[in-house]
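A.B. asks: Quick one: structure below, then a few questions.
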Amino acid sequence: MAYVILGLLVAFGPQTIYSLNKFFEAGISLFYAASLGALRQSLTRLLADDWVSVEDRPDGKRMKRVYSVTESGVEAFRAWMVGSIEDRRLETIALAKLYLLGTLPDRSDRVAALESIVDRVRADEAVLLDVAPQVAQAHVPDELREVAGYQRLTLEYGLRSHALAREFFEELLAAEVGAQATTGATDAGADPAA
């Protein structure tokens, strides 16, 4: 969650915890759930790491805490975006990186971020493809055939979802590489979906 918060601060500038929470409620929660408590905990860690700073600003009769990303926070966010996905939650991290991809001004960084996603999807898909023949050939006692049938369908779902993810991200990567070749590595702001 910390890197998603950093990305939101990079993209939209200084925010209160409540405005960050609204970003999650408005769409990010479809792939990355967060409570106000979890946001508070992540912000505390980001402050300790000096990746964000906080300023108390007057808001009528009250003060509000406004968080801003620091230079080291911007670099940590960039490193996460272009780095390999080590987290077990591939889909969650891939979607978070996709959601925040436009915050990377350097097109070569966007290419690197997409390459990291494609590499991980391919690796996970390869594991499932290796397991599939073993599962298909496994002897199943009659009394467990129905149970095993649904377990095999779970594997089928994994194979299909990984194939879809791979195709989707490979297409996006190809479009970004093509745009990079056409306009130069640092051209930002183009809509890859166009």
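A.B. asks: When only residues in the range 11-52 that are β-branched (Val, Ile, Thr) and surrounded by 20 or more Cβ atoms within 10 Å (Cβ to Cβ) count, which is nearest to Ala96 (Cα to Cα)?
C.D. replies: The qualifying residue nearest to Ala96 (Cα to Cα) is Ile28.
A.B. asks: Looking for whichever is closer than 30 Å to Ala112 by Cβ and either modelled with pLDDT of 90 or more or of a type in the set (Val, Ile, Thr) (or both) here; the options are Ile85, Ile17. Which one fits? It would help to see each step written out before you state the result.
C.D. replies: Values: Ile17 fails: closer than 30 Å to Ala112 by Cβ.
Of Ile85, Ile17, the one residue that is closer than 30 Å to Ala112 by Cβ and either modelled with pLDDT of 90 or more or of a type in the set (Val, Ile, Thr) (or both) is Ile85.
A.B. asks: Within the range 72-110, count every residue that is β-branched (Val, Ile, Thr), buried (at least 18 other Cβ atoms within 10 Å of the Cβ) and more than 16 Å from Phe31 (Cβ to Cβ).
C.D. replies: Final tally of qualifying residues: 2.
A.B. asks: Here's something else I'd like to know. Which condition number in (1) within 18 Å of Gly7 (Cβ to Cβ); (2) surrounded by 15 or more Cβ atoms within 10 Å (Cβ to Cβ); (3) over 19 Å from the mean Cα position of the chain (by Cα) is the one that Leu114 fails?
C.D. replies: (3)
A.B. asks: In the range 36-66, which residues are among the acidic types (Asp, Glu) and either over 24 Å from Ala113 (Cβ atoms) or not assigned by TED's automatic domain parsing to the domain that holds Leu20 (or both)?
C.D. replies: Across the range 36-66, the qualifying residues are Glu55, Asp56, Asp59.
A.B. asks: Taking helices (runs of 4 or more DSSP H) that fall entirely within the range 67-179, which contain at least 2 residues that are outside the structural domain of Gly27 (by TED's automatic domain parsing) and among the small types (Gly, Ala, Ser)?
C.D. replies: The qualifying helices (runs of 4 or more DSSP H) are 90-100, 107-137.
A.B. asks: Is the range 41-50 home to any residue that is among the acidic types (Asp, Glu) and more than 12 Å from the chain's Cα centre (by Cα)?
C.D. replies: Yes: one or more hits.
A.B. asks: Shifting gears a bit: Taking the condition modelled with pLDDT of 95 or more, of a type outside the set (Gly, Ala, Ser) and within 30 Å of Glu167 (Cα to Cα), does Asp50 pass?
C.D. replies: Criteria not met by Asp50.
A.B. asks: Further question: Give Glu170, Glu146, Glu156 a once-over and let me know the one that is of a type outside the set (Phe, Trp, Tyr), surrounded by 11 or more Cβ atoms within 10 Å (Cβ to Cβ) and free of Cβ contacts under 8 Å to residues at least 12 places away in the same chain.
C.D. replies: Residue meeting the stated conditions: Glu156.
A.B. asks: What helices (runs of 4 or more DSSP H) completely inside the range 1-48 contain at least 3 residues that are among the aliphatic types (A, V, I, L, M)?
C.D. replies: 2-12, 36-48
A.B. asks: Taking the conditions exactly as written (within 26 Å of Glu91 (Cα to Cα) and charged (D, E, K, R)), does Arg40 satisfy them or not? Write out each step before concluding.
C.D. replies: Values: within 26 Å of Glu91 (Cα to Cα): yes; charged (D, E, K, R): yes.
Here the answer is yes, as Arg40 does meet what is asked.
The values are calculated or read from the model by the stated rules, or taken from the named source; none is laboratory data. Because the structure is a prediction, the values reported are computed rather than measured. Heads up, the Cβs are rebuilt from the backbone with ideal geometry, glycines too, and the neighbour counts pull from every protein chain shown.
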